[in-house]
1. Would you pick out the residues in segment A:312-337 that are among the small types (Gly, Ala, Ser) and crowded, with 19+ Cβ neighbours inside 10 Å?
2. If a residue counts only when it is at negative phi and open to solvent by less than 20 Å² (accessible area, probe 1.4 Å), which helices (runs of 4 or more DSSP H) contained entirely in segment B:124-216 have at least 2 such residues?
3. Looking at (1) within 12 Å of another protein chain (Cβ to nearest Cβ); (2) over 17 Å from the mean Cα position of the chain (by Cα), which is the only condition B:Val139 fails?
4. For segment A:72-116, name all the residues that are loosely packed, with under 12 Cβ neighbours inside 10 Å and among the hydroxyl-bearing types (Ser, Thr, Tyr).
5. Do you know which residues across segment B:76-123 are of a type in the set (Ser, Thr, Tyr), crowded, with 22+ Cβ neighbours inside 10 Å and in a loop (DSSP other than H, G, I, E, B)?
6. So, of the residues in segment A:231-254 that are in a helix (DSSP H, G or I) and more than 10 Å from chain B (Cβ to nearest Cβ), which turns out to be nearest to B:Glu104 (Cα to Cα)?
7. Are any of the residues in segment B:51-70 touching a Cys at 6+ places or on another chain (Cβ under 6 Å), at pLDDT 90 or above and at the interface with another protein chain (Cβ under 9 Å from one of its Cβ atoms)?
8. Quick one: which of A:Thr288, A:Thr309 is of a type in the set (S, T, N, Q), assigned by TED's automatic domain parsing to the domain that holds A:Leu216 and open to solvent by 20 Å² or more (accessible area, probe 1.4 Å)?
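The values are calculated or read from the model by the stated rules, or taken from the named source; none is laboratory data. All of these numbers come straight from a predicted model, not from anything done at the bench. For neighbour counting, all protein chains shown are included, and Cβ atoms are generated from backbone atoms with ideal geometry for every residue, glycine included. Ligands, DNA and RNA are excluded from the accessible area calculation, which covers all protein heavy atoms including side chains. Shrake-Rupley method; radii C 1.70, N 1.55, O 1.52, S 1.80 Å.
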Amino acid sequence: MATTFYGIQATATLPRWFSPLALIGSLALTTAMFVVSGFTDESGNLNLLAIAVLGFALYMIMTYLISRGVEGRRKATDRMVTGWVSAAFALAVVPLVSLAWTVFEKGINRLDAEFFTSSMRNVVGEGGGALHAIIGTVELTTIATLISVPLGIMTAIYLVEYGRGRLAKAVTFFVDVMTGIPSIVAGLFAFSLFLILLGPASAINGMAGAVSLAVLMTPVVVRSAEEMLKIVPNELREASYALGVPKWLTVVKVVLPTALAGIATGVIIAIARVIGETAPLLLAAGFTTSMNYNPLSEKMMTLPVFVYTSYAIQGTDAASYVDRAWAGALTLMLIVMLLNLGARIISKLFSPKG
Amino acid sequence: MSKRIELKSLNVYYSKFLAVEDVNMVIEPKAITAFIGPSGCGKSTLIRTLNRMHEVIPGAYVEGSLTMDGEDIYAAEVDPVKVRRQVGMVFQRPNPFPTMSIKENVLSGYKLNNNRMSKSDADELTEKALVGANLWNEVKDRLDRPGSSLSGGQQQRLCIARAIAVEPDVILMDEPTSALDPISTAAIEDLAVELKEKFTVVIVTHNMQQASRISDMTAFFNIAGTGMPGKLIEYDRTEKIFSNPTQKQTEDYVSGRFG
């Protein structure tokens, strides 16, 4: 190499287009090798996964050697690590994109007006829809949110602003335990609670489902609200106290508004987390093919349960059941996407400006 | 209004730890009293006892008596929240409320206490407090902008405006300029001198030039060693403390020969 050890000039660098070109080149080369050698499966298809893995390996070796020769060891290592990190990222994203695409592709078939306007009552073959399940999911999630958000936020306020000593430690411990309970246990809890309260004839209803969701949701809300309240700078509380503002007003008017954006985001993430719960609802809210707007009586369908039952209990025309299952999954995914979008908008609107 | 504060054999504790021991002093109204001394000597702790802010820390309490114009602010029937309404405080780091505009920050002492006021009163008070804090000309066209959009020095003056808006009797400043540049520091110092016309001003500072420039009285605190309580070594007129102190420790400290 021409430069001296003491020089500060960079050694020769590879052009910017080197990396993409090398990657395309290696992939093309590998593909060519596979085609030429006739290395295919019985029906003549190329093994794309093998091409990707071998192509990537070729790219890494080639890049490292060329870069080492031209740019030196430090840059060669840099290129290699960049390669690994990008590969890890791709590996993480591929299943996600594939899943989203599969759900979209298969769900779009039945994502029609009928799907959103009719229930499955008296439907045995084609047609029918998930309106009863959508209504159920919206109602149950709303009730669960109404129960767990005040409970969760107030618990978090207690833990951060007031709690001290044994009680606070016990609450923190049980919140941790609750975060870890399997969702089916929450369903069993709600089911047995309503069994005791209402008897076996009417134990399974929307409210029981909502309670089981609330059990799952509350610890998530407590946790996220607690984290958000903790990062409110103590200086703001002190500033408020120094103005002669009592503690409860400080909490209500200074601490909560400052943390509001984070809390709202946390709540929406908690909703998104429980909206896809299947097992507890299967137990506590049951499943039905009919419309039921009243969460206080009768079984209630929800989207995840709709997807499950459509797939598990296929009727005479199996294909239409499977189509409806995919459409239900797609609807659920769209709802979660909308919720996340809402979380972003809310956090934009409420976060402190400056 | 401006009140005389009298401390008699005041001990300040954090649980069992005695942080400040046996302080006797009279803080004069309409004057600036500076607390100086090395870090950890209890200056900040002591200034926070003047508006019962140290009680925010669990386990903190005082012994002895602390009276404002003869009224014991630690008497059993006294509400610490009401004490703080009479004794305003400015902190080391500017801490405007990030969710509020400049105007709302100035009025926060009222707004946070759910006191309603007419729009004209609110406008008048905002202007008066911001003029009082030498900030009006800089922000009058952007009162609805967030308080955190101001520079550090402006934010600190906003905090002072917020403190004087509730018309306290005493203003406590805990190292109000240690996070600011010299220009902003000069603005705050000028402001402190103006404020003593109306208020009792107590300022904690690490900057001895600042103490000698602006204060009328200076209290020097020191600590014998780590884990020992801080003590008031000498309290006198500022000129005396900086030119001819009685105590050797004080002389060593103000002349920079300390430690």
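1. Hits for segment A:312-337 are A:Ser320, A:Ala325, A:Ala327, A:Gly328, A:Ala329.
2. Counting at least 2 such residues, we get B:152-165, B:182-195, B:208-214.
3. (1)
4. A:Ser98
5. Listed by number, the list holds a single entry, B:Thr99.
6. Of everything passing the filter in segment A:231-254, A:Val251 is nearest to B:Glu104 (Cα to Cα).
7. no
8. It is A:Thr288.
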